[in-house]
Amino acid sequence: MGDAATEVTRDRHRTACQKIAADRGWDIIDEYVDQSISATDKSKKRPAYDRMVADYKAGLIDAILCWDLDRLTRQPRELEDWVDAAKDRGLKLVTANGEADLTTDGGRMFARVKAAVAAGEVERKAARQSLAQAQRARQGRAPKGTRPLGYTTDGDVVEHEAAAVRKIYELFAVPDGVTIAALAAGLSGKTGDHIPKGLPVLPSHTRTLMIERNQRREAEGLKLKEVPDDKPWTSSTVLGILRNPRYAGYSTYTPKTLPPKDPDDPNGSKRRSWRASILRDEQNEPVMGLWEPVVPEQLWWAVQARLDEPVRITNKLGNVQRKHLGSGLFMCGICDGPVRSHSTRYRCAGHVMRSREQIDDWVLRIIRERLSRPDLRDVMPDQDDPRIAEIDEQIAQHKGKVKRAESDYDAEIIEGFDLKRIRDRENARIDALEAERRKLTATVGLSPVLDAKDPVRAFEDADLAIKRRVIDFFVEVRLYPHPRGRKTFDPETVKVTPKTRR
Ligand SMILES: [Zn+2]
């Protein structure tokens, strides 16, 4: 605080203590003042208090004078230590407001009651704050506290940051696309083959917040705090952005009293998942915030789906990115299996071996041609198809049936062949639903290209993962063996078939 009123209060407390010391004939050896640090918060460091404890333990102190026990500590545990010290080791502990004298039985009793009440007040205050926060969330108001990247504390959009958030979501929604580490590197201004293009470079959010705090301090005429050098963005910060439901406009609330585990993920981390923090109404519908979403709901869920993919978890350290345009995407004309990169070629062992450069060049020509046609908008499926939410719901139900069957099997209610039958049946339905979902969400992450003013140009500038996605959206590519001895490229040996949609 450090304002004038506090100074006056502190002077008054000091004078009262000095008077008591004089009355009792005590020498004052030191003053211990923790300015504006709450005695209630266990996590806050109180350096002067700690120094006082150390001095007492070193035998430098026979008596402690404080204005009020609240100023000494509101932690009942700490107070008990002082009561013990007063009783067993003869420490004289007196409050200047005359209420407690720990040298007497009555004083000690009073102190204990007071500390217990103070501790209860702290809990009630926390509960009140928690209620107020739940209320805010239900009303869809922006949660209090540190502002997330892209929003002010009041929930207004900070456009240049929101653009970065949007870009992060778009890049990450692409299956097989960029890694979180690559996004962090891109935001930090690093470049390289695996780092996506077109990401705005931003100072770390922590630094931005520190600078803003200093601006407020400057406006209030307070001393500025030192802002350390900028540090690169970390993967965990980017992950936090990708997981935050606020960007999709969902109101969130995490009660402190609930068990911290995510019920959907009993083996997962102890932190409650962001998804579980989405506030839902009586119909289990998400409560929408009053703020403007930064990303469409569908894109947010697409990102969650990719974050949930087991391959990402098991493959965390490996590079999940494909390095070439057609590996795993183009097919072998003989067996319909995916071709793989093999030095400068695409190969399906025993079937085809083709020059990558020639094939890529041909496919890219066709895609550029497709993108330059005026009917591009017509191929875009409806982004807000309600069917998607329905599919998600149905997938969850089928997964629930498998889980139930598994626990029934564990409890020896059903036999192994029943479990297998149920699993096969449910998984087939899940596969079908997921295929339908993929079709409906095929353009997720492609809007930077398909919505661009100049889609051909946007395609040229796009990352490899997005290019692959665009190709996959429009065409199937099959490679056939090239006749021996022919030097020139024969387009007849590469079949590019347009995909039909819906
Ligand atoms: Zn083959």
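Given the peptides 145-151, 103-109, arrange them by the average over their residues of other C-beta atoms within 10 Å, most packed first.
The packing order, highest mean first, is 145-151, 103-109.
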Surface share of carbon and sulfur [accessible, 1.4 angstrom probe, percent] for segment 387-432: 50 percent
Centroid-to-centroid separation of segment 418-460 and segment 163-181 [C-alpha atoms, Å]: 16 Å
Förster-model FRET efficiency, 45 Å R0, Ile334 and Arg404, C-beta, rounded to 0.05: 0.55
Whole-Å semi-axes of the ellipsoid equivalent to segment 385-441 (Cα gyration tensor, √5λ, descending): 27, 11, 5
Accessible area per residue in Å² at 1.4 Å probe, computed on segment 385-441: 68 Å²
Label-point gap, in nm, between Glu390 and Ser355 - each point 7 angstrom along Cα→Cβ: 5.1 nm
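Could you order Arg71, Arg469 by accessible surface area, starting with the largest, using a probe radius of 1.4 Å?
Arg71, Arg469
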Pairs beyond 28 Å (Cα-Cα), from Lys92/Lys223; Lys167/Lys231; Lys144/Lys167; Lys323/Lys487: Lys92/Lys223
Segment 350-363 - phi-based ³J(HN,Hα) in whole Hz, Karplus 6.51/-1.76/1.60, Gly and Pro as x: x, 10, 9, 8, 10, 5, 5, 4, 5, 5, 4, 4, 5, 4
FRET efficiency estimate (nearest 0.05) - Cβ-Cβ, Lys45 to Ala432, R0 45 angstrom: 0.20
Solvent-free Debye scattering, log10 I(q)/I(0), computed from the Cα coordinates of segment 321-436 at q = 0.09, 0.18 Å⁻¹: -0.52, -0.94
Surface share of carbon and sulfur [accessible, 1.4 angstrom probe, percent] for segment 319-365: 47 percent
Theoretical gain in end-to-end length, Glu80 to Arg421 [0.36 nm per residue, Cα-Cα removed]: 116.4 nm
Theoretical gain in end-to-end length, Arg14 to Lys197 [0.36 nm per residue, Cα-Cα removed]: 59.7 nm
Per DSSP, loop GluC sites (Glu not before Pro) in segment 149-232 with at most 11 further Cβ within 10 Å: Glu220, Glu226
Amide hydrogen neighbours beyond the local backbone of His342, cut-off 5 Å, H modeled: Arg347
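The values are calculated or read from the model by the stated rules, or taken from the named source; none is laboratory data. These numbers were taken from a predicted model, which means no experiment stands behind them. When we count neighbours, we look across all protein chains shown, and the Cβ atoms used for this are built from the backbone with ideal geometry, even at glycine. Keep in mind that these areas ignore ligands, DNA and RNA; they rest on the heavy atoms of the full protein, side chains included. Shrake-Rupley method; radii C 1.70, N 1.55, O 1.52, S 1.80 Å.
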